[in-house]
Structures are given as structure tokens and as C-alpha cells.
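Take a look at the structure set out below.
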Amino acid sequence: MAPDPEGRGLGRAVREALRTAGATPDEVDHVNAHGTSTPLNDRVEASALHAHFSAGPPSVTAPKGVTGHTMGAAGAVEAALTVLTVEHRLVPPTANFLRAGPGTDTVDVVSGAPRPQRIRLALSNSLGFGGHNTVLAFRPAA
């Protein structure tokens with residue numbers, strides 16, 4: 001089953017994560033993308049992120065190029081990676097990312113080398129077949 005071409009499910013999940021965190025889009029400094037490296041999924045995810053963060057795009061990374069797609073465990077693995085990114089203030093690069101594809105050039109994909117970055121709020125996206133979308137929000141420990 002293909003993702004909604006408008007990214008409506010992801011959009012709702014982003015809004016709910018921000019509401020639950022008591023945050024606004026301008027507080028998001030980083031997004032761990034679902035990033036399966038499939039043209040349709042990446043285009044939809046980039047479009048949804050751009051719609052929510054067009055004023056100042058957060059850094060984006062996608063670890064599946066290193067971890068592979070761990071299927072049912074992907075959300076948990078990537079949430080843990082997002083927590084490590086926030087804790088260490090270091091955004092890992094997206095492996096094998098050379099250039100943005102059509103429709104994905106609206107996001108700030110970290111590539112080549114890790115990027116030191118202060119992160120006030122990070123999101124971890126998990127998208128599933130049939131519209132099962134989850135976004136978790138993480139802040140640094142006080």
C-alpha cells in the first residue's frame with residue numbers, strides 16, 4: 001500500500017507530536033526521517049516536512065542506509081538513535097546520500113559528515129503500511 005501522496009497522515013502525526021510536547025514547529029531543530037530511500041515515500045515525507053517547517057527547515061537524517069529497514073523494530077531503533085542525536089548534539093549523516101531527488105530538495109538532509117548541532121526538539125518519524133504513522137518528540141534532558 002502506497003503512502004498518501006499528500007502526506008496527510010504524517011502531517012497529522014507531526015501536529016499531534018508537537019501538541020503533546022507543548023511545542024511549535026519553530027522549536028524543531030532536527031527530524032529523524034522514516035527515509036526508506038524509495039522515490040514515492042521520500043517525496044511524500046519531504047513534502048510533509050516542508051509544509052510544517054517551511055520557515056526554517058530542521059536538519060534531517062535517515063539511518064536506514066546504515067541499519068537497513070528493521071521493519072517492526074524500526075520505530076524503536078530510530079527513536080533510540082534520535083535520543084542519542086539529541087544527547088550528543090551530533091546529527092549523523094545519511095549514508096550514501098549524494099543529492100536530493102525530485103521533490104526532496106526542500107529539506108536539509110545531513111550528508112557526508114556528522115553535523116554538530118544544538119537541538120531543542122527532535123522528531124522521529126515512523127510510517128507504516130496502511131497509514132500507520134507515528135511521530136515522537138524528544139527534548140534534551142534538563
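The values are calculated or read from the model by the stated rules, or taken from the named source; none is laboratory data. Keep in mind that what you see is a predicted model, and the values were worked out from it rather than measured. Virtual Cβ from ideal backbone geometry, glycine too; neighbours counted across all protein chains shown. The accessibility values were calculated without ligands, DNA or RNA, using every heavy atom of the protein model including side chains. Shrake-Rupley method; radii C 1.70, N 1.55, O 1.52, S 1.80 Å.
Points worth noting:
- Accessible-area value, His88, 1.4 Å probe, nucleic acids and ligands omitted, Å²: 120 Å²
- Basic side chains Lys and Arg get +1 at the Cβ, acidic Asp and Glu get -1 at the Cβ, and with that the dipole of segment 71-136 about its Cα centre reaches some 200 debye.
- At 1.002 mPa s and 20 °C, Stokes diffusion of the chain via Kirkwood alpha-carbon radius, µm² per second: 145 µm²/s
- Dipole check for the chain: with +1 at the C-beta of Lys and Arg, -1 at the C-beta of Asp and Glu, and the Cα centre as origin, the magnitude is about 180 Debye.
- For the chain, the relative contact order works out to 34 percent when only alpha carbon pairs closer than 8 Å and six or more residues apart are counted.
- The antiparallel fraction among DSSP beta bridges confined to the chain stands at about 55%.
- Over segment 33-97, Cα pairs under 8 Å with separation of 6+ residues give a relative contact order of 37 percent.
- Rounded accessible area of Phe97 (nearest 10 Å², 1.4 Å probe): 60 Å²
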